[in-house]
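Working notes, structure below.
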Amino acid sequence: MEAGQHSNVALLKEIAELLNEETDMGRMLEGAIWKLLNGSVFEAAWIFFIDKNGKHQLAAQANLPPALQQNDCRHLKKGGCWCVKRYHDGNLEKASNIIACQRIDNAISSDAGDAEGITHHATVALQSGNEKFGLLNIAAPDTVRFSNDELALLESVAFQIGSAIKRILLTKQEQELALVQERNRLARDLHDSVNQLLFSVTLTARGGSVMSEDPEVQETFRDIQHLTQEALNEMRALIWQLRPKGLESGLLEAVKGYAEMLGLSMELKVTGVIQLPSRTEETLFRIAQEALNNIRKHAGVHKVQLYMSVTPSDVLLVIKDEGRGFVIDEHLYLPSIGIQSMRDRAKAEGGSIEWSSEIGRGTEILIRIPY
C-alpha cells in the first residue's frame, strides 16, 4: 500500500470515529470537514443542504477565503450555481471537478475580499442509499482540477457523512415518536383519571343543588358545578393539545375541530395547495391552538376567521377576531395571552409572527413559516 493510500485510510478512520460519536448535526458536519482539510490537499470546504424544491442552505463551512466569508457568506447562500443545478437535475452521480463556479466568480468580481487563489472547486453529493441530502464542496488555491485519487477520497468522505446524517435524522425521528407516545400516554391518564373525577364532581354538585331546599346551599352547589365545568373544559383542551385528534387528516381539519371543541365558529379561506412537512403543520397547529384559546378566554366573541396562503417557499396563516382587542406592548411579557410562546414557536422554525390589535376592534395575528 502506498503512503498516500495509507494516510487516506487513516484519515477515513478518524472521520468515521468522529461521525459515529457526534450526535449534533452542526458540530458533526464542521468536525468532519475540518478533519478532511487537515488530512488532505484540500484547503477549504463547505456543505449545502438541498431540499426537494432545489432550495439550498449553507449547513457548514471550514477555512473559507475572505471573499467567500464576506457578509456572512452571502455569495454562498444566495443565487444559483452549476453544482446545485446538476444535483437537482439528478446529473451528479460521482465526485466532479467544477469547470467554473458562479459563486466564486461573483465573489471575486464584486471585490468581496481576497479569494486566496481559489477559483474552482470539486463537488460530490451527500447521500445514504438512494436518499440525498445535499453537497460537499472542496477547494484549494491555484487548483483547477483534482486527481482521480483525490476525488475518490472525497466520495468516501461524502458517503460517511451521508450515512451519519441519515443516522442522526433517524435518531431524531425516534425521539419525536417517543415524545408523541409519551404525550398520548399522559393524555390517556388525564382522561381516565382527572377528567373523570371532574365530571363526577359536576354531577354531584348538580344533584346536591336539586336535592337541597336551602337557597344558600343551592347557590354553593351551583358555584361548584360552574367552577368544575370550567375546569373540565380546560382539561379537555389540555388533553386535545397533548394528543391533537384530526391532525392526521390535515392541519385545517385539526384547527377546525379544536375551534369547535372550544365552542368557536370558524370561517376558513385557503389559497394554494397544502402539502406541508409534518413539523411545520404541528408548529402552525400549536400556534393556532394558543390563538384560539386566547379568543375564547379574552375576546368575548364566538366567531373567528382563518386565512391560509401557501407558496412554494412558505405558508402564511392569519387568525382574526372582532372581539375586545388589547393594547400591544412589545416590551411587556404577557403570559396570559401567550404571545411569547407563539413567538418562540414561530422563531424556532425560522418564521415570524405579528399582531395587530386595538381595544374594541378585535385582533389579527399573522404567522409566516418557511418550509
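Taking the DSSP beta bridges with both ends in segment 248-319, the antiparallel portion is around 40 percent.
Ordered from highest to lowest accessible area with the whole protein assembly present and a 1.4 Å probe, 345, 103 read as 345, 103.
Each residue of segment 73-85 was assigned a 3J(HN,Hα) from its phi angle through the Karplus expression (A = 6.51, B = -1.76, C = 1.60, θ = phi - 60°), giving 6, 5, 6, 7, 7, 10, x, x, 7, 5, 5, 5, 5 Hz with x at Gly and Pro. The charge dipole of the chain, taken about its Cα centre with unit charges on the Cβ atoms of Lys, Arg (+1), Asp and Glu (-1) only, comes to about 780 debye.
Out of 257, 207, 300, any idea which swings most in a Gaussian network model of the chain, alpha carbons joined below 10 Å? With Cα springs under 10 Å in the chain, the top fluctuation among 257, 207, 300 is at 207.
If you look at the Cα atoms of segment 70-227, you get an Rg and a Dmax of 32.2, 98 Å.
Each of 178, 366, 107 was scored by the projection of its Cα onto the charge dipole of the chain, and the greatest displacement toward the positive side belongs to 366; charges sit on the C-beta of Lys, Arg, Asp and Glu. Between residue 145 and residue 356, the contour length at 0.36 nm per residue exceeds the Cα-Cα span by 70.3 nm. With all protein chains in place and ligands, DNA and RNA left out, the 1.4 Å accessible area ranks 114, 24 as 114, 24, largest first.
Measuring against 25 Å, Cα to Cα, the residue pairs 77/269; 172/256; 35/166; 52/172 contain 77/269; 172/256 as the ones spanning a longer distance. Here the gap between residue 204 and residue 34, fully extended at 0.36 nm per residue and compared with their Cα-Cα distance, gives a gain of 54.3 nm. This model, with +1 at the C-beta of Lys and Arg and -1 at the C-beta of Asp and Glu, gives segment 1-149 a dipole about its Cα centre of some 580 debye.
When its C-alpha radius of gyration is set against 2.2 N^0.38 Å (N residues), the chain gives a value of 1.35. Along the charge dipole of the chain, which of 67, 130, 140 sits closest to the positive end, that is, farthest toward it, with unit charges on the beta carbon of Lys, Arg, Asp and Glu (+1, +1, -1, -1)? Of 67, 130, 140, it is 130.
Residue by residue, segment 348-361 carries 3J(HN,Hα) couplings of 4, 9, x, x, 9, 9, 10, 10, 9, 8, 8, 3, x, 10 Hz when phi is fed to the Karplus relation 6.51 cos²θ - 1.76 cosθ + 1.60 (θ = phi - 60°); x denotes Gly or Pro. The share of accessible area on the chain that comes from carbon and sulfur is 51 percent, using a 1.4 angstrom probe. Could you name the aspartates and glutamates whose alpha carbon sits less than 17 Å from that of residue 347, not counting residues in the same chain fewer than 8 places away? Partners found: 281, 282, 290, 314, 330. Once the C-beta distance of residue 192 and residue 53 is scaled by a Förster radius of 51 Å, the resulting FRET efficiency is 0.70 to the nearest 0.05. Dipole magnitude for segment 73-137: about 240 debye, using +1 per Lys or Arg Cβ and -1 per Asp or Glu Cβ, origin at the Cα centre. Dipole of the chain (Lys/Arg Cβ +1, Asp/Glu Cβ -1, origin at the Cα centre): which of 41, 265, 283 lies farthest to the positive side? The residue sitting most towards the positive pole is 265. Heavy-atom accessible surface of residue 251, to the nearest 10 Å², is about 10 Å², with a 1.4 Å probe and all protein chains retained.
Per-residue packing, averaged as other Cβ atoms within 10 Å, sorts the ranges 63-69, 200-206 into the order 63-69, 200-206, beginning with the highest.
Computed 3J(HN,Hα) for segment 256-264, one whole-Hz value per residue from the Karplus formula 6.51 cos²θ - 1.76 cosθ + 1.60 where θ = phi - 60°, is 4, x, 5, 4, 5, 4, 7, x, 9, glycine and proline marked x.
Roughly how many Å² is the accessible area per residue of segment 109-184, as a whole number, for a 1.4 Å probe?
Here the per-residue accessible area is 51 Å².
The values are calculated or read from the model by the stated rules, or taken from the named source; none is laboratory data. Predicted model, so just to flag it, every value in this text is computed and none were measured. Note that each Cβ is placed from the backbone with ideal geometry, even for glycine, and that neighbours are counted across all protein chains shown. Keep in mind that these areas ignore ligands, DNA and RNA; they rest on the heavy atoms of the full protein, side chains included. Shrake-Rupley method; radii C 1.70, N 1.55, O 1.52, S 1.80 Å.
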